[in-house]
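Read through the structure below, which is laid out as structure tokens, and then see the notes.
The values are calculated or read from the model by the stated rules, or taken from the named source; none is laboratory data. These figures come from a predicted structure and were not determined experimentally. For neighbour counting, all protein chains shown are included, and Cβ atoms are generated from backbone atoms with ideal geometry for every residue, glycine included. Remember, those area values only see protein heavy atoms, side chains included, never the ligands or the DNA or RNA. Shrake-Rupley method; radii C 1.70, N 1.55, O 1.52, S 1.80 Å.
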Amino acid sequence: MQIAMGCDHAGVEIKKEIVQLLQNEGHVVIDCGTDTSESVDYPDIAEKVAAQVMDKQIKGIIICGTGIGISIAANKVSGIRAALCNDVYTASLARQHNDANIVAVGARVTGPGLIQAIIQTFLETKFEGGRHQRRVDKIMALEKQGKTDDGI
Ligand code: RB5
């Protein structure tokens, strides 16, 4: 599958590993950077990955030190449901119940082996629909609140 991926400077090393792993499995990774340890602002990376996810209707992976900042930023983009996952159970439920389209992980919080397992679980697990669709619809309706008809 096609997958958008990005990280800030805290996640460069683990991103390299994950990109390689996913490519070895036959996935096509759209790498939105960053690629060096030079400091960057995680909202800029979140914006790039979120744009790819929405444009191509694909899944995304985002990484910062904790996964917090980059997931908060991604969730500001219309249509994005980014789930910060520190364990495999959460990654599974983020797909089954929340139909998350982006998984966020923290490179300074979670070890590389667990990050791999979280990402594999996220990519392989299907949304269950049913009562969860109604709830996801309500989440997405919240995006429209506070906006005028002009979208302002
Ligand atoms: C960068 O130092 C750090 O703040 C960032 O990677 C992330 O943890 C923010 O939530």
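Just the protein heavy atoms count here, and of the accessible area of the stretch 42-152 at 1.4 Å, carbon and sulfur take up 52 percent. The Cα center of the stretch 39-64 and the Cα center of the stretch 98-137 differ in position by 15 Å. I want to make sure I understand the PRE zone here: with the label point 7 angstrom from the Cα of Asp137 toward its beta carbon, which residues in the stretch 53-79 have backbone N atoms less than 20 Å away? Residues passing the 20 Å test: 79. Seen against the Cα atoms of the chain and their longest principal axis, helix 42-56 is set at about 70 degrees.
What accessible area per residue, rounded to a whole number of Å², is obtained for the chain using a probe radius of 1.4 Å?
Computed with neighbouring chains in place, this is 52 Å² per residue.
When only Cα pairs below 8 angstrom with a gap of at least 6 residues are kept, the chain shows a relative contact order of 21 percent. Taking K and R as +1 and D and E as -1, what net charge do the other residues with C-beta under 13 Å from the C-beta of Gly33 add up to? It works out to a net charge of -4. Candidate cross-link partners of Lys15 among the lysines, defined by an alpha-carbon separation under 23 Å and a same-chain spacing of 8 or more, comprise Lys48, Lys56, Lys59, Lys76.
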